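Here's the structure, in C-alpha cells; my notes come after.
The values are calculated or read from the model by the stated rules, or taken from the named source; none is laboratory data. Quick caveat: nothing in here was measured; it's all calculated off a predicted structure. Note that we place each Cβ from the backbone using ideal geometry, even for glycine, and neighbour counts take in every protein chain shown.
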C-alpha cells in the first residue's frame, strides 16, 4: 500500500475549563491513504470534529493539543500559524455541517470562493471569476455565472453545501475533511451530496475523511471505519468487516440502534430497535478504566473499571480489525450484526 | 427600496407633526412672558402691546399653532424676539459649526472604539480587555465640562499647541478649522467612544464565534483578512445603528462642550433661546433636532440594507 497522506498518531486534545481540563480526544490514531475514504463515527461530543479541527490548528486558544499528525509526511501539530495556513485549503480542505452558518451571509458566492483561491496564489479578478464559475459547474450548480453574484441566503441548503464544497476544492487539496457535511440536509439532497463527493474524489484522487454520526452514510461510502467514544478509537476496521462482525459492545449498540429498511422480519420484531442506556461521559470527569464501562451491557471483568482496554486485533478476523474491549471476542455475531 | 424610503418619509412627517404639537404645547406651559423678557421690565406698555400683537400672542392657542405650522412648512419659523433675525437664518448660521463638531466627535469616537473594542474582543479577560473596560468606564464617568477644561489647560495652556476656544469656518481657513476642532471633538467624542467601545467589543466577540469565520480560516486566509472581511465586516452591521444614534445625539448640539469651547453651534443657540424665552428660536431648534433624529434613523435603516443583503424591506418588492 502507498504511504498514508494523512496519519494521526496518539492525538490528545484537552480544553482548559474552570472545572479542570476537559479531555475531549484521548489518544486517537488513524491513517488515510490517497483516494480512500475513512469514516470517523461517534456520538455528539465523542471528539470527532475536535480532532479534525486540531489537525489544522483551528481550535480556540483554550485547547491543548498533543501527539502527532502528519500530512504528506510533514508534522502538523505544533507548527506555526503561517505554516498551518499554507496547509489549510491547499493541503486539506474542509466542508462543515451547516451550510447556512458556514458561509458568510454578507458576501457573495464569488467573493467567498475567490478568497479560497487567493489565499494560496495570486489570481487576477478575471481569473477568480472564471475559476469560481468552473468550480461551481464542477460541483453541479447550473447557471454558474449568475450564481456567482448570489448571496448565501438566496440559495437552497443543497446549493449552499455545493458552494462549500467548491470552496473546499478551490485549493486543490489532497485531503477533504467532510465534517457532518450532510447532516443538516434533506435525505434526497444528502444522497446527491454524497454522490458528488464520491465523484470528485475519483476525479481528484483525494483522500476523504468523513466525520459523521450517521452509520447509514458510512456503510454507503467508507472504505475504513473508526468508531470513536469519549475521544478514543474503540474499534476500527474495513467497512464490511466492521458492519458484519462488530466486536466492541459500543459498536454493536450503535448498529443495533440502526433501523434496517429491508428487514425481512415481521413489523413487530422490526420495531425492537435497541437503545443504549446512559449518556457519554463528561470529558472533565472521564471514568477510570474503559470510558464506556458505565454503559456497557457486558462488563463483567474487574479490569473494565480500572484499566483502559488496549486497541487490539479482533481474534478470528482475517482483515485488519481492531477493538478496544476485553470482550471483543466473546460477542460476535452480535444482535446488531444479526439485524443486518 | 425607493417605495420603502417614501413610506419611511411619510412616517417621518407624521412623527414630526406630533413632535411639533408637543414642542408647541410645552412652550405654552413654560412660565414667563417672552415679550417682557425681550423688552425688559421698563418697556412702555404701547411697545409691549404692539410686539405681543405682532407675534400673535393674543390669538387663541390653537390658532397660534396653525399659523406657526403653516409658516414652518414653508421654512418660515418666525423671527427671533431677541435679535429680530429670522429663525431660519439663525439656525443655518450655526449648522456648519455643529456639523463640524458632530462629525469630528464621531470620528474621534470611532477611532477610539473600533481599535480598542476589537483588541479587547480578540483578547478577552487579558490586560488589553481590562484596559478597554476600565477606560470606557472612565470615559463614561468623566463629565464633559471637566474633560474639556483639562484638555484646554494642558494642550492650550501648558503646551500651547492648540487654541483654547472659538471656531473658524472650514471655507475660510482649513488649518485653523482643524486646530480649533480637535479639542472640542475629543471632548464630545470620548463618551460616545466609550459607549461604542463596549458595543464593538460585544459585536466582534459574537462575530468571532460564527461558523463562517472558521470556514474563512479553514480556507487558508491570512488572519488579518479573516479579521477584516469576516469578523469586522459583519460586526459593522449592528454598529451602524448605535453609531447613528450617537451621531444624532452629537448633531443635536452638545451644549456643555459648546459652552466650554465657545463653539457657536446649535446647542448654544437653543440654550440662549431658553434663557431669553425666545420661543420662535427654541421651537425652531427643537423641531430641527427632531428632524435630525428622524433623518439619521432613516439613513441608518437604508444603510442597513446595503450592508446586509439579507435585509430587504417588504414594501420594496
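Structure summary
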quantity	calculated
Of all residues in region A:154-174 being exposed (fewer than 15 other Cβ atoms within 10 Å of the Cβ) and farther than 30 Å from residue A:3 by Cβ, the one that is farthest from the other protein chains (Cβ to nearest Cβ)	A:156
Any chance residue A:51 is under 24 Å from residue A:246 (Cβ atoms), surrounded by 22 or more Cβ atoms within 10 Å (Cβ to Cβ), modelled with pLDDT of 90 or more and touching a strand residue (DSSP E or B) at 6+ places or on another chain (Cβ under 7 Å)	yes
Criterion (farther than 20 Å from residue B:256 by Cα, out of contact with any strand residue (DSSP E or B) (no Cβ under 7 Å at 6 or more places or on another chain) and at pLDDT 90 or above) met by exactly one of B:208, B:181	B:208
Condition check for residue B:90: in contact (Cβ under 8 Å) with a residue 40 or more places away in the chain and over 30 Å from residue B:208 (Cα atoms)	yes
Odd one out for residue B:283 among (1) buried (at least 20 other Cβ atoms within 10 Å of the Cβ); (2) within 25 Å of residue B:132 (Cα to Cα)	(2)
Residue B:241 closer than 30 Å to residue A:164 by Cβ and either under 16 Å from the mean Cα position of the chain (by Cα) or at pLDDT 85 or above (or both)	no
Those residues of region B:263-280 which are assigned to a loop (DSSP other than H, G, I, E, B) and buried (at least 23 other Cβ atoms within 10 Å of the Cβ), in sequence order	B:263, B:265, B:278
Pick from region A:38-57, criterion part of a helix (DSSP H, G or I) and under 13 Å from residue A:212 (Cβ atoms), ranking: farthest from the other protein chains (Cβ to nearest Cβ)	A:48
Residue within region B:253-273 that is more than 15 Å from the chain's Cα centre (by Cα) and under 30 Å from residue A:105 (Cα atoms) present	no
Test for residue A:129: is it out of contact with any helix residue (DSSP H, G or I) (no Cβ under 6 Å at 6 or more places or on another chain), away from chain B (no Cβ under 13 Å), in a helix (DSSP H, G or I) and surrounded by 16 or more Cβ atoms within 10 Å (Cβ to Cβ)	yes
Residues of region A:71-96 that turn out to be more than 23 Å from the chain's Cα centre (by Cα) and more than 9 Å from every other protein chain (Cβ to nearest Cβ), as a count	2
Filter result (in contact with a strand residue (DSSP E or B) (Cβ under 8 Å, 6 or more places away or on another chain) and surrounded by 15 or more Cβ atoms within 10 Å (Cβ to Cβ)) within region B:77-94	B:77, B:78, B:79, B:80, B:86, B:87
Residues of region B:236-262 that turn out to be farther than 14 Å from residue B:300 by Cα and in contact (Cβ under 8 Å) with a residue 60 or more places away in the chain, as a count	11
Which listed residue, of B:294, B:247, B:208, B:227, is within 14 Å of chain A (Cβ to nearest Cβ), surrounded by fewer than 24 Cβ atoms within 10 Å (Cβ to Cβ) and touching a helix residue (DSSP H, G or I) at 6+ places or on another chain (Cβ under 6 Å)	B:208
Conditions (1) at pLDDT 90 or above; (2) within 24 Å of residue A:200 (Cβ to Cβ); number of the one not met by residue A:64	(2)
Qualifying residue in region A:55-78 (condition: assigned by TED's automatic domain parsing to the domain that holds residue A:165, without any contact (Cβ under 8 Å) to a residue 24 or more places away in the chain and crowded, with 20+ Cβ neighbours inside 10 Å)	yes
Selection within region A:282-339 - in contact with a helix residue (DSSP H, G or I) (Cβ under 7 Å, 6 or more places away or on another chain), part of a loop (DSSP other than H, G, I, E, B) and at pLDDT 80 or above	A:287, A:288, A:289, A:290, A:292, A:296, A:297, A:325, A:326
Those helices (runs of 4 or more DSSP H) lying entirely in region B:153-236 with at least 1 residues within 17 Å of residue B:120 (Cα to Cα)	B:174-208, B:223-226
Residue ID - farthest from residue A:178 (Cα to Cα), chosen from residues in region A:107-117 that are surrounded by 20 or more Cβ atoms within 10 Å (Cβ to Cβ) and within 11 Å of chain B (Cβ to nearest Cβ)	A:107
Filter pass, residue B:306 being within 14 Å of another protein chain (Cβ to nearest Cβ) and assigned to a helix (DSSP H, G or I)	yes
Helices (runs of 4 or more DSSP H) wholly inside region A:139-231 containing at least 1 residues that are touching a strand residue (DSSP E or B) at 6+ places or on another chain (Cβ under 7 Å) and modelled with pLDDT under 90	A:215-221
Test: residue B:154 is more than 14 Å from chain A (Cβ to nearest Cβ) and within 30 Å of residue A:96 (Cβ to Cβ)	no
Residues of region B:230-244 classified as surrounded by fewer than 19 Cβ atoms within 10 Å (Cβ to Cβ) and more than 14 Å from chain A (Cβ to nearest Cβ), total	2
Identity of the residue in region A:97-119, outside any helix (DSSP H, G or I) and modelled with pLDDT under 90, that ends up nearest to the chain's Cα centre (by Cα)	A:97
